[in-house]
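**Q** Mind looking over this structure? Questions follow.
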Amino acid sequence: MKKFFLRAAALSFTLSLCMAFPSCSSQQKEEKAPVAAAKENAPVHILPNYRYVDIDTVLSKYFLAKDYNEEIMRMQDNMEKEVKRHENSIQSFATTIQNKMQNNGYLSEASYKADQEKFNNMQLNAQKAVATLQNNFENAALNAHKAVNDSILNYVKEYNSKKGYDAIFQKGATLYINPELDITADIVEGLNARYNKVKK
């Protein structure tokens, strides 16, 4: 469950490519020195108006995601301990019944049936308790996923309102993308700065 957050945020997948190249008139070429003219005619590298985010990195470094992940791990650990406690209790009582049967510990059929009924009730109660724990665990995981996902998406929208990019992609949705377009560090820094401010 350590990576239950992975692939949590679904970002925009619209694409707009904008490349610009300088243009020079033939008259300018003639007036320029050969070296200067060659430099002038070289295409200028302008990044397209979109960026990308490595969501796995964001989830591994975003304090909110890390806190939720630790909480979910604690819940899972507690659930496993509770399941083990029920298992041990049921097994212990089953052993008690077996020993009493082997050593003629039951003085009447009624006492044997009473223990059998208790054993069955222990199993039923354990099943209900474990089902409740499992349900609570799953709900907490879903709520944590939603909280982190919403937080990231809301911040990305806020971030882009200032930057004005045409699209922000998830790195995992591409086979290759120019590393210069990576804004993961900016997103992580902004998310954590905002989260710290809220926590104070």
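Just so you know, all these numbers are worked out from the coordinates, no wet-lab data involved. Computed from a prediction, not measured in an experiment: that's the story for all the values here. Using ideal geometry, Cβ is built from the backbone for each residue, glycine included, and neighbour counts are taken over all protein chains shown.
**Q** Pop out the ³J(HN,Hα) list for region 175-187 in order, Karplus 6.51 cos²θ - 1.76 cosθ + 1.60 with θ = phi - 60°, rounded to Hz; leave Gly and Pro as x.
**A** For region 175-187, the Karplus-derived couplings read 7, 8, 8, 4, x, 5, 8, 6, 10, 4, 4, 5, 5 Hz, x marking Gly and Pro.
**Q** Here is a further query. Rounded to whole Å and sorted largest first, list the principal axis extents of the Cα atoms in region 159-200.
**A** That works out to 40, 20, 16 Å along the principal axes.
**Q** Taking amide hydrogens as modeled 1.01 Å from N in the peptide plane, which residues meet the under 5 Å criterion relative to Asn49, leaving out close sequence neighbours?
**A** Cys18
**Q** Extending each Cα 7 Å along its Cβ direction at Asn143 and Phe119, get the distance between those two points in nm, one decimal.
**A** Simple spin-label model gives 3.9 nm for this pair.
**Q** Evaluate the distance, in nm, between pseudo-label points positioned 7 Å from the Cα of Tyr112 and of Thr95 along their respective Cα→Cβ axes.
**A** Between Tyr112 and Thr95, the label points sit 2.2 nm apart.
**Q** Here's something else I'd like to know. Amide H neighbours of Gln170 under 5 Å, at least 5 residues apart or on other chains, H built in the peptide plane: list them.
**A** Under 5 Å from the amide H of Gln170 lie the amide H atoms of Leu11, Val53, each far enough along the sequence or on another chain.
**Q** Determine the alpha carbon to alpha carbon distance for each of Lys66/Lys163; Lys61/Lys81; Lys81/Lys128; Lys61/Lys171 and list only those over 18 Å.
**A** From the list (Lys66/Lys163; Lys61/Lys81; Lys81/Lys128; Lys61/Lys171), the Cα-Cα distance tops 18 Å for Lys66/Lys163; Lys61/Lys81.
**Q** Mean projection of the alpha-carbon convex hull of region 44-135 over all orientations, in nm²? Don't skip to the end; give the middle numbers.
**A** Values: hull surface 38.9 nm².
For the Cα atoms of region 44-135, the hull's average projected area reads 9.7 nm².
**Q** Then there is this: Treat each spin label as a single point 7 Å out from the Cα along the C-beta direction, and report the Ile177 to Phe63 distance in nm.
**A** For Ile177 paired with Phe63, the spin-label model returns 2.7 nm.
**Q** Along each of its three principal axes, how wide is the spread of alpha-carbon positions in region 26-199, in whole angstrom units, largest first?
**A** Projected onto its principal axes, the Cα set of region 26-199 covers 118, 33, 20 Å.
**Q** Given an 8 Å cut-off on Cα distances and at least 6 residues of separation, report the relative contact order of region 26-199 as a percent. Don't skip to the answer; put the middle values down first.
**A** Numbers: 90 pairs, mean separation 89.0, N = 174.
Relative contact order, region 26-199: 51 percent.
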